[in-house]
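Every read-out reported here was derived from the displayed coordinates using simple, explicitly stated rules and does not represent laboratory data. Model, not experiment: these values are computed from the prediction. Positions of Cβ are generated from backbone atoms using ideal geometry, with glycine treated the same way; all protein chains shown enter the neighbour counts.
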Amino acid sequence: MNYIVFDLEWNQGGGSYEPNPRMQFEIIEIGAVKLDSKFNIIDSYSSIVKPRLYKRLQPHVREVLNYDETTLRQGRPFDMVCREFLKWCGTDYIFCSWGTMDLYYLQNNMDYYYMKPLEAPLKYYNIQQIYADTTDSEKAIVKLEKAVDHLHIPIDRPFHSAVNDAYYTGLVFSQIHPKDLEDRYTYDIYNNPQDKETEIISRHKHFMEYISREFPDKKQAMDDRDLTATFCYKCNKKLSKRIKWFSNSPNSYTSVGKCWYHGLVSGKIKFKQAKDGNIFVIKTMQPIDKQGLETIKARQNELRVRRQEKRHNKKNM
């Protein structure tokens with residue numbers, strides 16, 4: 001199997017161009033490198049895309065790119081470039097990218113041109129997250145330039161060109177690939193599950209991920225017993241409750257349970273908006289220690305005090 005490490009550059013509406021709700025970010029360049037099973041770069045792909053909607057570069061986009069509208073006018077239509085790119089990828093590969101947005105915008109642009117969607121569920125490697133996890137970075141959001149500098153990778157070509165950024169991402173990947181790489185995949189959620197049969201349950205060495213079907217609203221989601229059930233990430237046995245689900249933020253819930261074989265397990269529910277306006281849920285279950293439990297308890301108490309103060313202030317108004 002090959003690794004397709006790809007990167008995109010895109011422009012957007014605004015100014016003299018009203019944003020199109022079907023495609024607010026238009027791809028103007030696709031670049032990629034192909035790595036073999038031993039993480040050697042064996043091929044590359046690069047093409048400029050001639051924009052259909054936003055033909056003038058936004059100022060902040062213009063600042064970082066190494067080309068302008070003259071170069072874009074020499075490009076080819078997106079659907080032609082995308083088909084060529086997907087053919088170049090081959091048949092046995094997995095996508096890799098620096099972050100989560102490239103796959104999202106690739107598929108969004110494909111939808112705009114009514115192209116055949118990518119096969120779902122779609123696994124890929126988020127190299128930005130893998131880098132953060134394997135280098136003890138304080139934050140998951142790490143710029144590519146910082147990772148390249150940290151790993152002492154020679155800088156012999158400019159950043160902010162899709163093929164160059166893909167090249168550097170590929171070099172980062174080849175240096176950091178962990179022994180448990182096969183367990184570090186994630187699922188793209190652009191085409192989220194539509195029904196019970198297509199829901200995704202993904203068990204990893206250190207966590208479990210569940211991507212739900214769609215619900216009309218958060219209340220109906222939280223009323224679903226399958227969604228709120230808590231099981232051990234490792235042995236799948238039902239957890240004894242330590243902290244029931246509570247709203248940690250407007251779009252997330254947290255809980256803690258205990259497995260008598262594998263210890264404390266934290267649950268997290270995140271609400272995501274589907275393209276049709278419904279919501280779906282990403283639930284994760286992962287181990288925590290006693291300090292983690294105390295941190296969650298403190299957060300729960302903090303929110304409880306805030307709600308009490310808010311109710312008290314309303315009464316005295």
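Rounded to the nearest 20 debye, the dipole magnitude of the range 1-133 is 360 debye, with +1 charges on Lys and Arg beta carbons, -1 on Asp and Glu beta carbons, and the Cα centre as origin.
Of the residues Leu35, Tyr124, Ser212, the one whose Cα sits farthest toward the positive end of the charge dipole of the chain, with +1 on the Cβ of Lys and Arg and -1 on the Cβ of Asp and Glu, is Ser212. For the chain, the calculated P(r) over all alpha carbon pairs, in 10 Å bins from 0 to the bin holding the longest distance, is 5, 22, 28, 25, 15, 5, 1, 0 percent. Just name one of Phe173, Gln24, Phe6: the one whose Cα is farthest towards the positive end of the charge dipole of the chain (beta-carbon charges, Lys/Arg +1, Asp/Glu -1). Farthest towards the positive pole: Gln24. Taking the longest Cα principal axis of the chain as reference, the axis of helix 290-315 is set at about 80 degrees. For the range 193-309, the dipole from Cβ point charges (+1 on Lys and Arg, -1 on Asp and Glu) about the Cα centre works out to 540 debye, to the nearest 20. Net charge in the neighbourhood of Cys259 (other residues with Cβ under 10 Å of its Cβ; Lys, Arg +1, Asp, Glu -1) is +4. For the peptides 298-309, 196-207, 258-269, 25-36, the ranking by packing is 25-36, 258-269, 196-207, 298-309, with the highest mean count of neighbouring Cβ atoms within 10 Å listed first.
Give me the number: length gained by fully extending Glu309 to Lys258, i.e. 0.36 nm times residue separation minus the C-alpha to C-alpha distance, one decimal in nm. All intermediate terms of the calculation are to be shown ahead of the outcome.
Values: separation 51, 0.36 × 51 = 18.36 nm, distance 3.16 nm.
15.2 nm is the gain from fully extending Glu309 to Lys258.
Taking the square roots of 5 times each eigenvalue of the Cα gyration tensor of the range 2-183, largest first, gives ellipsoid semi-axes of 27, 19, 15 Å. The lysines whose alpha-carbon is closer than 25 Å to the alpha-carbon of Lys87, local same-chain residues fewer than 8 away aside, are Lys34, Lys38, Lys50, Lys116, Lys123. If I take R0 = 45 Å and measure r between the Cβ atoms of Asp217 and His152 in this structure, what FRET efficiency does the formula 1/(1 + (r/R0)^6) give, to the nearest 0.05? Efficiency, rounded to the nearest 0.05: 0.35.
Net charge within 15 Å of Glu302 by Cβ-Cβ distance, Lys/Arg positive one each and Asp/Glu negative one each, not counting Glu302 itself?
Details: positive: Lys297, Arg299, Arg304, Arg306, Arg307, Lys310; negative: Glu294, Glu309.
Result for the local shell: +4.
Across the options Ile189, Leu293, Gln273, the greatest Cα extent toward the positive end of the charge dipole of the chain (unit charges at beta carbon of Lys, Arg, Asp, Glu) belongs to Leu293. Dimensions of the range 1-104 from C-alpha coordinates, computed as largest minus smallest value along each principal axis and given longest first, are 47, 26, 24 Å. Translational diffusion coefficient of the range 193-309 at 4 °C, 1.567 mPa s, Stokes-Einstein with Kirkwood Rh over Cα pairs, in µm²/s as a whole number. D, rounded to a whole number, is 88 µm²/s.
Calculated FRET efficiency, Gln74 and Ile141, Cβ-Cβ r, R0 35 Å, to nearest 0.05?
On the way: r = 34 Å, r/R0 = 0.97.
With R0 = 35 Å, the Cβ-Cβ based efficiency is 0.55.
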